[in-house]
1. Count neighbours as other Cβ atoms within 10 Å of each site's Cβ, and list the GluC sites (Glu not before Pro) in the range 172-225 that are DSSP loop with at most 15 such neighbours.
2. Take each of the peptides 213-220, 147-154, average the number of other beta-carbon atoms within 10 Å over its residues, and list them starting from the highest.
3. Once the Cα atoms of helix 37-51 and of the chain are each reduced to a long axis, what angle between those two axes, in degrees from 0 to 90 to the nearest 10, is obtained?
4. Towards the positive end of the charge dipole of the chain, with charges on Cβ (+1 Lys, Arg; -1 Asp, Glu), say which of 100, 156, 75 has the farthest Cα.
5. So if the hydrodynamic radius of the chain is defined as the Kirkwood radius over C-alpha pairs, what does Stokes-Einstein give as its diffusion coefficient at 37 °C and 0.692 mPa s, in µm² per second?
6. Residue 134 to residue 192: FRET efficiency via 1/(1 + (r/R0)^6), r the Cβ-Cβ distance, R0 30 Å, to the nearest 0.05?
7. Using only alpha carbon pairs under 8 Å that are at least six residues apart, calculate the relative contact order of the range 2-244 and give it in whole percent.
8. Once the Cα atoms of helix 235-244 and of the chain are each reduced to a long axis, what angle between those two axes, in degrees from 0 to 90 to the nearest 10, is obtained?
Amino acid sequence: MKILVPVKRVVDYNVKIRVKSDGSGVDLANVKMAMNPFDEIAVEEALKIKERGDAEEVIAISIGPAKAQDTLRTALAMGADRAILIKTEETTEPLAVAKLLKKAVEDESPDLVIMGKQAIDDDCNQTGQMLASLLGWAQGTFASKVEFGDGKVNVTREIDGGLETVALKMPAVITTDLRLNEPRYASLPNIMKAKKKPIDEKTPEDLGVDVTPHIKTLSVEEPPKREAGEIVESVAELVDKLKNEAGVL
Ligand code: AMP
């Protein structure tokens, strides 16, 4: 079995986002970037499947600027076998990413695509579903457990009411939720080894996909600052304030 893992380069989740002074977007100058956290979980799951002997090859793929190579090197250092970079300076929307991934799937014929449920920069939560739909493949989204049996893959999904387990015919697309696993750190020897692993480069034009954005960002604002709270001495004081100051009772 071959597994394709899309990984997106995003602003590191520890960074406090700054909005550009003209409100046109998020300031990315000198900001630490990293692999989207849900994609780290996807790489980890693919590696676990390989280590169990259920897969032979794990391929990481990223769509983005030349710097997205760093994200692919992280995936390779975690243990992926090789990587593909689809290089573009354009901001890529989920549909464009899904179309590019579809082309990569047609080239590579993986049995599974394991990807994040959502990128933490755009919070779209769309790409996996769009890819499965474009391919006509089964999809198991928000996975918190993945098990194989009888030529099928059982995916336990985190849904509002609890957990739901679906059996997918392969090939299939799986998107990861937070509790699926805890991603490993790349060790120094593996970081060194990853430098020698191959990264194949392509462009959207090579794949015949138009990535022109369809959405225009009108403005970006920071959320309003929270006002300081107040500690009250007693329940009576709280009720009094709710009645007479906040006007909610
Ligand atoms: P989204 O639909 O944008 O929230 O992204 C969901 C998932 O799609 C991410 O967790 C990634 O696995 C994948 N993805 C989105 N954009 C890219 C990209 N530019 N390169 C590689 N994978 C991506």
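1. On the way: sites: 201, 205, 221; in loops: 205, 221.
Passing both the DSSP loop test and the Cβ count: 205, 221.
2. Working: 213-220: 9.2, 147-154: 13.0.
For the peptides 213-220, 147-154, the packing ranking is 147-154, 213-220.
3. For helix 37-51, the angle is close to 40 degrees.
4. Going by the Cα projections, it comes out as 75.
5. Calculated translational D: 165 µm²/s.
6. E between residue 134 and residue 192, to the nearest 0.05, is 0.20.
7. Working: 478 pairs, mean separation 58.5, N = 243.
Here the relative contact order equals 24 percent.
8. On a 0 to 90 degree scale, this one is about 80.
The numbers here are math on the coordinates, done by the rules we state, and not lab data. Predicted model only: the values in this text are computed from it and were never measured. Using ideal geometry, Cβ is built from the backbone for each residue, glycine included, and neighbour counts are taken over all protein chains shown.
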